[in-house]
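*Asks:* Please find one structure pasted underneath; my questions will follow.
The values are calculated or read from the model by the stated rules, or taken from the named source; none is laboratory data. Because the structure is predicted, anything quoted here is derived from the model rather than measured. All Cβ positions, even for glycine, are placed from backbone atoms using ideal geometry, and neighbour counts span all protein chains on display.
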Amino acid sequence: MHTAKNMATLSKSEYMMYLKHPAWLWLKKHDKSKLPEIDEATQAKFDAGYEFEKYVEQLFPNAIKLGFSNFNEYSSLPKRTQEALLNKTPTIFQGRFEADNITCIVDILNKVANNTYDLIEVKSSTKVKDEHISDLAFQVVVLEASGLIVKNIFVAHVNNKYIRSGAIDPNELVNREDVTTRVLDLIDQTKINISKALEVIDRDTMPDPSPRFVNPEADSETFNEWVGIYKKLLPANVDKYSIYELASLGPKLVAELEDLHISKISDIPDDLELNKRQALQVEVTKNNRPTIDKNSITDFLHSIQFPLYFLDYETVSGPVPFYNGTRPYQQVPFQYSLHILNSPTEKVEHKEYLHVDSNNPIEPLLCQLKNDIGKHGTILTWHMSFEKGRNTEMGKAFPLYEGFMDDINMRIVDLKEPFSKGWYFDKDFLGSASIKNVLPVLSDRSYKSLSIQNGSMAQIQWMNAFLKGKETNKDQLIIDLKKYCHEDTYAMYEIYNFLRQLCKENVQFEGAKESVTQRLTR
């Protein structure tokens, strides 16, 4: 195996960085400041994984847990692991192994015979992913180089069919899937990859960081994360509408554009094969004006019946279900905002609900919603499949409200549709139909001044305060949560007003940023 000239150590997490993009590993080792710090949302994912891990560990009552909480404990972990092996410990949690210049921490090592162990990786996902296989293959290489024999290899992951009823049952919550064959088939390639990764660490200069070199098998979340890192590596004078802002971008398209020496969306040739949304983004960027299909927008508006209800939920979820009758990762609403417009000429009203207790929020939320929302009129949401899914789940959980929820779903119309279908498409949407992208283009309003700026922050802070009981200023948090959720539905009201005015003669309307004439000629 390759030995780096300075005996730099390659950990499991660093190896996984290498597989995503070689430059990711290089930055981690040589210029870590260029990588984003762990944010609140990422930390919350880690915390949720640790919570699931506790239930997996309950399946091994005779185990000892090693692990670490500071650098000194991390440094001593290999020695403590070897001591546990010598003491013939039947099961070890969070042991660390080193061989040459590669190292890994193993979730669970379960002894089955003399010097022979089953390897179990704990993942809070609901299925085995390809990256889990690569992760385990690296561990097997380290373990075998350390003199151990690995017999069977498993991924312990979340059973998303599990429905909580009373105390959590670890045997029902956890699925253990045998992946031995898949992992062993990858061992030879893993050894080659490890040598290449160590060579990357040895380099004095960063490998080409272009997104074209992101692992083509990586998911879109990984690709988009690297693009975010890459854009910060670019010179400050890079065009705002660069090719890296193109919708649904992937390594193949980046490579094609870079090979053509194209850096700006406006320079993309008309004959290049793109999907419909990408082609539309190129068109509006070149024309420097939005594309507008007034006929389709007018038909859409004609399908809407007053009174109008602009509805948005905030939800909480995790790998371990919080409430009876819910499953892992089920999105449970704890808050809603509802703006009501009874007629085009009346002032918009506002209703809301925020659960401020640790018990199941569904029934009191539904009770309040039934009082706040009338029996007639269109209910407007943004990305309606989300709200419809929550309504169906809540109706099944509380059958007394099932008919009400079915009626709500029959009346929902997706306000996102004119933007997702390209009936109104502005270059400053940057290819996205997210309300966070659309709103600032059509209105002076934005989320930047809010203490809570997205749904992930709302979920994390509500969960910390009302489920985990962490120290916080709950009075201020309640104000912040209400402001954020209020903004989501008021934003929909403003966007609806924009569309309605767009389909009239150029008339200024209350709350508009500009007249339609001004907007279309800017």
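*Asks:* Residues of the stretch 293-328 being assigned to a loop (DSSP other than H, G, I, E, B), surrounded by fewer than 16 Cβ atoms within 10 Å (Cβ to Cβ) and either touching a Pro at 6+ places or on another chain (Cβ under 7 Å) or charged (D, E, K, R) (or both), which ones?
*Replies:* Asp293 - this is the single residue of the stretch 293-328 that is assigned to a loop (DSSP other than H, G, I, E, B), surrounded by fewer than 16 Cβ atoms within 10 Å (Cβ to Cβ) and either touching a Pro at 6+ places or on another chain (Cβ under 7 Å) or charged (D, E, K, R) (or both).
*Asks:* Can you tell me which of Leu257, Leu272 is in a helix (DSSP H, G or I) and either in contact with a strand residue (DSSP E or B) (Cβ under 7 Å, 6 or more places away or on another chain) or outside the structural domain of Lys20 (by TED's automatic domain parsing) (or both)?
*Replies:* Just one listed residue meets the conditions, Leu257.
*Asks:* For the stretch 57-73, check the following and say yes or no: at least one residue is under 26 Å from Ser195 (Cβ atoms), of a type in the set (Asp, Glu), out of contact with any Leu (no Cβ under 8 Å at 6 or more places or on another chain) and surrounded by 17 or more Cβ atoms within 10 Å (Cβ to Cβ).
*Replies:* No, the stretch 57-73 contains no residue that is under 26 Å from Ser195 (Cβ atoms), of a type in the set (Asp, Glu), out of contact with any Leu (no Cβ under 8 Å at 6 or more places or on another chain) and surrounded by 17 or more Cβ atoms within 10 Å (Cβ to Cβ).
*Asks:* Within the stretch 394-414, does at least one residue satisfy the condition of being under 30 Å from Ala279 (Cα atoms), under 22 Å from the mean Cα position of the chain (by Cα) and not acidic (Asp, Glu)?
*Replies:* no
*Asks:* Scan the stretch 151-167 and give yes if some residue there is farther than 30 Å from Ala397 by Cα, within 22 Å of the chain's Cα centre (by Cα) and either at pLDDT 95 or above or not assigned by TED's automatic domain parsing to the domain that holds Pro328 (or both), otherwise no.
*Replies:* yes
*Asks:* List the helices (runs of 4 or more DSSP H) inside the stretch 431-522, counting only whole elements, that have at least 1 residues being at pLDDT below 90.
*Replies:* 455-466, 516-521
*Asks:* Now for a separate question. Within the stretch 465-473, is even one residue assigned by TED's automatic domain parsing to the domain that holds Gln335 and on the phi > 0 side of the Ramachandran plot?
*Replies:* Yes - at least one qualifying residue is present in the stretch 465-473.
*Asks:* Let me ask another. Please determine whether any residue of the stretch 52-65 is of a type in the set (Lys, Arg), under 17 Å from Ala156 (Cβ atoms) and over 27 Å from the mean Cα position of the chain (by Cα).
*Replies:* Yes: the stretch 52-65 contains one or more residues that are of a type in the set (Lys, Arg), under 17 Å from Ala156 (Cβ atoms) and over 27 Å from the mean Cα position of the chain (by Cα).
*Asks:* Do any residues in the stretch 231-260 that are on the phi > 0 side of the Ramachandran plot have Cβ atoms under 9 Å from those of residues that are part of a helix (DSSP H, G or I) and charged (D, E, K, R), where the two are at least six apart or on different chains, and which pairs are they?
*Replies:* From residues that are on the phi > 0 side of the Ramachandran plot, the pairs are Ser248/Arg277.
*Asks:* Hey, another quick one. For the stretch 375-433, which residues satisfy the criterion of being in contact with a Gly (Cβ under 8 Å, 6 or more places away or on another chain) and of a type in the set (Ser, Thr, Tyr)?
*Replies:* Selection gives Tyr401 alone.
*Asks:* Against the condition in contact with a Cys (Cβ under 9 Å, 6 or more places away or on another chain) and closer than 25 Å to Lys436 by Cβ, how does Glu352 come out, does it pass?
*Replies:* Judged against the criteria, Glu352 is a match.
*Asks:* Only one of these conditions is not met by Lys232: (1) outside any loop (DSSP other than H, G, I, E, B); (2) closer than 19 Å to Phe425 by Cα. Which number is it?
*Replies:* (2)
*Asks:* Then there is this: Report yes if Val356 is more than 30 Å from Glu172 (Cβ to Cβ) and part of a loop (DSSP other than H, G, I, E, B), otherwise no. Before you say what the answer is, go through the steps one by one.
*Replies:* On the way: more than 30 Å from Glu172 (Cβ to Cβ): yes; part of a loop (DSSP other than H, G, I, E, B): yes.
Spelling it out, Val356 is indeed more than 30 Å from Glu172 (Cβ to Cβ) and part of a loop (DSSP other than H, G, I, E, B).
*Asks:* Is there a residue being closer than 19 Å to Lys196 by Cα, in contact with a Lys or Arg (Cβ under 8 Å, 6 or more places away or on another chain) and buried (at least 20 other Cβ atoms within 10 Å of the Cβ) anywhere in the stretch 107-119?
*Replies:* Taking the stretch 107-119 first, the residues closer than 19 Å to Lys196 by Cα are none.
Scanning the stretch 107-119, I find no residue that is closer than 19 Å to Lys196 by Cα, in contact with a Lys or Arg (Cβ under 8 Å, 6 or more places away or on another chain) and buried (at least 20 other Cβ atoms within 10 Å of the Cβ), so the answer is no.
*Asks:* A follow-up question, please. Kindly list the number of the only condition in (1) within 27 Å of Phe46 (Cβ to Cβ); (2) free of Cβ contacts under 8 Å to residues at least 60 places away in the same chain; (3) not small (Gly, Ala, Ser) that fails for Lys351.
*Replies:* Result: Lys351 fails condition (1) only.
*Asks:* As an exercise: evaluate Thr472 against (1) surrounded by fewer than 22 Cβ atoms within 10 Å (Cβ to Cβ); (2) touching a His at 6+ places or on another chain (Cβ under 7 Å); (3) hydroxyl-bearing (Ser, Thr, Tyr) and give the number of the one condition it does not meet.
*Replies:* (2)
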